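The values are calculated or read from the model by the stated rules, or taken from the named source; none is laboratory data. Since this is a predicted model, take the numbers as computed values, not measurements. Virtual Cβ from ideal backbone geometry, glycine too; neighbours counted across all protein chains shown. What goes into the accessible areas is simple: the full protein's heavy atoms, side chains included, and nothing from ligands, DNA or RNA. Shrake-Rupley method; radii C 1.70, N 1.55, O 1.52, S 1.80 Å.
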Amino acid sequence: MSRPLKRALAAVGGAEPLSELPISLAEPAIGGNEWAYVKDCLDSGWVSSVGSFVDRFEADFATYLGTGHAVATVNGTAALHVALLAAGVAPGDEVLMPSFTFIAPANAVRYAGAWPVFVDADPSTWQMDVGRAVEFLETHCRWSDGELLNPKSGRRIAAILPVHVLGHPVDLGPLLAVAAKFDLPVIEDAAESLGATYRDQYVGRFGRLACFSFNGNKVMTTGGGGMVVTGDPALAARVRYLTTTAKDDADEGIHGQVGFNYRLTNIQAAMGCAQLEQLEGFLAAKRRIAAGYAAALDGVPGLSLMPEEPWAKSAFWLYSIRLDPAVAACDSRELRRRLRESGIDTRSFWQPLHLSPAHTGAEVLGGAVAEWLHREILSLPCSTGLSEAAQQRVIGAVRGSLEP
Ligand SMILES: Cc1ncc(COP(=O)(O)O)c(C=O)c1O
């Protein structure tokens, strides 16, 4: 039984009125074959990082995306780490990536011994400012002996890491063109955007490699988990090798280099198979919730709706609004406080990574847009199981705070 349902039943029993129940930001929906598939693992004893559900999850995921190969990992951060290594990112290199994102991709760059170069956000898409990235590569960097160098740091630019944040794709076209020009690998971080499309194709199909996360708050979940996808069989083999402790000869216990124990367990993969069966329903729910918010909140003074570009179909992972503090009746933090008082959970977004103490010393291109997005964006409850009544309560509370 899901947690919301348990709470609802408790409320019907008289403990708590339905109108007062807390509304959480993003809860997983466990309503398909999860119990049956996990029980199968427990009954058979295949509970660890080898098993039929791992193989099936990888195969089903690759089929869903149409990417050819998928390698399951213990989480999305590990997926990014090995994808960067497989793409050839080495210590002392630089990787171009957005400043406005969750910190995991920047950490992964550092695990590889490289440095991020942070790119500001685009004010209309909230994604990485692709024009600024292209300009940096074309006019500031220098081509020398088959490598692209950043003259300011003297380091090699080794990859581009676009992150599709909050469910919406990055405008990949210009990035892919500049990457092809300089033979740079593109590694998509699609952790937040499974099911989103860019020009009618799923994100994750464009980069040399792409990474996903199945953390509990994602569009679908395995509890914790990740996936690397690629169309290149050699890269897939390399990722598999790195994630399984770089085994050269399993019988003799020979490991060719320092590898990682990054494999997903069969139990988690079993959940993944069951969740993937429900993915289309989850995505439809996300779009329905987004449409509901857009219809009800459009025109509220100082409030901007979550963007969706004409070339994109967003997965609307976390439906988010922007509040302009110069116009809105209160700023995003005050709205968050008021909604919390009404039992409504919301979330503010990431400190721009160019300001993060974790990445002091990394170069940034611009940064002002990421800073105001951090101040002004607020995500509203958007669990796939959010009821119509609960969403109306959120809408009423938002309007009540922002309208005279
Ligand atoms: C953009 C992005 N990249 C990577 C990750 C890392 O995934 P995980 O938490 O599975 O390590 C996350 C979220 O968790 C994310 O939001």
_Conditions first: (1) open to solvent by less than 40 Å² (accessible area, probe 1.4 Å); (2) touching a residue at least 12 places away in the same chain (Cβ under 8 Å); (3) more than 16 Å from the ligand (Cβ to nearest atom). Residue 118 passes all but one, so which condition is the exception?_
(3)
*Single residue of the range 219-246 satisfying the filter (more than 14 Å from the ligand (Cβ to nearest atom) and assigned to a loop (DSSP other than H, G, I, E, B)) that is nearest to residue 166 (Cα to Cα)*: 231
_Criterion violated by residue 259 - all others in (1) open to solvent by 30 Å² or more (accessible area, probe 1.4 Å); (2) more than 19 Å from the chain's Cα centre (by Cα) satisfied_ = (1)
*asked:* Take the residues in the range 121-163 that are of a type in the set (D, E, K, R) and in a strand (DSSP E or B); name whichever of them is farthest from the ligand (Cβ to nearest atom).
replied: 142
_For the range 202-218, give me the residue count where each residue is touching a residue at least 60 places away in the same chain (Cβ under 8 Å), open to solvent by 10 Å² or more (accessible area, probe 1.4 Å) and more than 11 Å from the ligand (Cβ to nearest atom)._
3
*Taking the range 188-201 on its own, how many of its residues are more than 11 Å from the ligand (Cβ to nearest atom) and within 21 Å of residue 86 (Cα to Cα)?*
0
*Just to be sure, is residue 364 out of contact with any Pro (no Cβ under 6 Å at 6 or more places or on another chain), in a strand (DSSP E or B) and either open to solvent by less than 20 Å² (accessible area, probe 1.4 Å) or under 14 Å from residue 99 (Cβ atoms) (or both)?*
yes
_Residue among 341, 309 that is within 30 Å of residue 393 (Cα to Cα) and open to solvent by 70 Å² or more (accessible area, probe 1.4 Å)_ = 341
*Among the candidates 236, 284, 294, single out the residue that is of a type outside the set (Val, Ile, Thr), without any contact (Cβ under 8 Å) to a residue 40 or more places away in the chain and open to solvent by less than 40 Å² (accessible area, probe 1.4 Å).*
294
*asked:* Checking residue 80 against (1) more than 16 Å from the ligand (Cβ to nearest atom); (2) open to solvent by less than 10 Å² (accessible area, probe 1.4 Å), only one condition comes out false. Which one?
replied: (1)
_For the range 169-183, give me each residue that is within 30 Å of residue 322 (Cα to Cα) and part of a helix (DSSP H, G or I)._
172, 173, 174, 175, 176
*Looking at the range 91-101, is at least one residue within 16 Å of the ligand (Cβ to nearest atom), of a type outside the set (Asp, Glu), open to solvent by 10 Å² or more (accessible area, probe 1.4 Å) and modelled with pLDDT of 95 or more?*
no
*Positions within the range 140-197 being of a type in the set (Asp, Glu) and on the phi < 0 side of the Ramachandran plot, in sequence order*: 147, 171, 188, 189, 192
*Among the candidates 385, 299, which residue alone is assigned to a loop (DSSP other than H, G, I, E, B) and surrounded by 16 or more Cβ atoms within 10 Å (Cβ to Cβ)?*
385
_Index of the failed condition, residue 166 passing every other in (1) within 16 Å of the ligand (Cβ to nearest atom); (2) in a loop (DSSP other than H, G, I, E, B)_ = (2)
*Are any of the residues in the range 141-157 modelled with pLDDT of 95 or more, polar (S, T, N, Q) and under 18 Å from residue 118 (Cα atoms)?*
yes
*Test residue 108 against the stated conditions and say whether it is free of Cβ contacts under 8 Å to residues at least 40 places away in the same chain and crowded, with 19+ Cβ neighbours inside 10 Å.*
yes
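Residue-wise test of (1) within 20 Å of residue 367 (Cβ to Cβ); (2) over 20 Å from the mean Cα position of the chain (by Cα); (3) not aromatic (Phe, Trp, Tyr).
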site: 94; (1), (2), (3): yes, yes, yes
site: 100; (1), (2), (3): yes, no, no
site: 110; (1), (2), (3): yes, no, yes
site: 124; (1), (2), (3): yes, no, yes
site: 131; (1), (2), (3): yes, yes, yes
site: 142; (1), (2), (3): no, yes, yes
site: 183; (1), (2), (3): no, yes, yes
*State all residues of the range 28-60 that are part of a loop (DSSP other than H, G, I, E, B) and more than 17 Å from residue 276 (Cα to Cα); if no residue qualifies, say none.*
45, 46, 47, 48, 49, 50, 51
